[in-house]
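I have placed the structure first, in the form of structure tokens, so that the comments after it can refer back to it.
Every number here is computed from the coordinates shown, using simple stated rules; none is lab data. Keep in mind that what you see is a predicted model, and the values were worked out from it rather than measured.
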Amino acid sequence: MRTAYLSLLLALTIATMARAEATPPAKLELSWVDDACLIVKVTNTSKDAIRLDKDLVIGLELTFADANNTRVPLKHLETVKAPEEKEIVKRFVDLPPGQSLERRINLRGGFASFTCGHATEAVTHLHHFFGIETKEALPDDSKATKLIARFGTRGFDFTPGVQSYTGKSMRELQLTEMWLDAQTNLPAPQSK
């Protein structure tokens, strides 16, 4: 009887610890000003400050889909030149518990986007990681009906991509590890 009780207590403790570790330190919310202006909001829901990009660019991924759940491509407007290292590190701030950061995104007028990736050399099989900031827009004739947003600071390409862009490691930047998801339907286009 005592063994069964201790086993149950141990199982409950492990389950509680796993849930605590799985609880994200922040919440991602999406809302609309109108059919072209999206508000992205990240709120610190933890007991400690979290560190992230105050512009909510590095770590934010927006994916658009049509009614058939087919990905809708964005229109590439330009590649943004990476700022100097001393300027880029100023973008990372500590967000106190209960506080939020918001970003307004004009989907049709162009918005900053951050992409990480890698390429592999055919002969040497060496991976070259990159992080680039671009300006993108949702085309006027887009058939997008759905938006999936992810805000995260982890992943195979993310860590080395951020380092290649900022010149600093994740540890040096002290970014809080998180992965947040939210989705919304696009509002019906307003007549002009």
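Lys146: which lysines have alpha carbons under 22 Å from its alpha carbon, excluding same-chain residues fewer than 8 sequence positions away?
Lys27, Lys41, Lys75, Lys135, Lys192
When only alpha-carbon atoms are used, what values of Rg and Dmax, in angstrom, describe the chain?
Here Rg and the maximum Cα pair distance are 19.9, 74 Å.
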